[in-house]
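The values are calculated or read from the model by the stated rules, or taken from the named source; none is laboratory data. Owing to the predicted nature of the structure, the values given are computational and were not obtained by experimental measurement. Cβ atoms come from the backbone with ideal geometry, glycine included; neighbour counts cover every protein chain shown.
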Amino acid sequence: MTRAFWKYYMDLTKFNLGLSLLVTFVKSPAEGILLFLTGGMLLSLVAYEYFHSHEYYLYYNLGLTRTRLMLKAWLMNLGISAFLGTLLFS
């Protein structure tokens, strides 16, 4: 994966991780992990679109489409969530 993708992923994850950690401490770890994978990801995409939408031109010029970035980020979150889920619930 390219350095540009990691910048995108870290910017996206800032929003998602903050919300998911809040839910983890208030509710339960299972709900925090589920939110990290689903609703938190959607909310972070909306926030990224609002605050950083001009950066998609940079990624497109580097050959990374918006759909490809979102799919890779979701797959990364899926892997992290699966790892944390097995760690916590096995």
> Is at least one residue of the range 28-49 exposed (fewer than 15 other Cβ atoms within 10 Å of the Cβ) and within 19 Å of LEU64 (Cβ to Cβ)?
Replying inline: yes
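Here is a check on your reading of the model: is TYR60 part of a helix (DSSP H, G or I), closer than 17 Å to MET10 by Cβ, modelled with pLDDT under 95 and among the aromatic types (Phe, Trp, Tyr)?
no
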> Which is within 11 Å of the chain's Cα centre (by Cα), loosely packed, with under 15 Cβ neighbours inside 10 Å and on the phi < 0 side of the Ramachandran plot, of MET76, MET10, MET70?
Replying inline: MET10
> Looking at the range 16-27, which of its residues are surrounded by fewer than 19 Cβ atoms within 10 Å (Cβ to Cβ) and under 8 Å from the mean Cα position of the chain (by Cα)?
Replying inline: LEU17
>> So ALA73 passes all but one of these: (1) modelled with pLDDT of 90 or more; (2) of a type in the set (A, V, I, L, M); (3) not in a helix (DSSP H, G or I). Which condition number does it fail?
In response: (3)
>> Being small (Gly, Ala, Ser), modelled with pLDDT under 90 and part of a helix (DSSP H, G or I) is the requirement here; does GLY85 meet it?
In response: yes
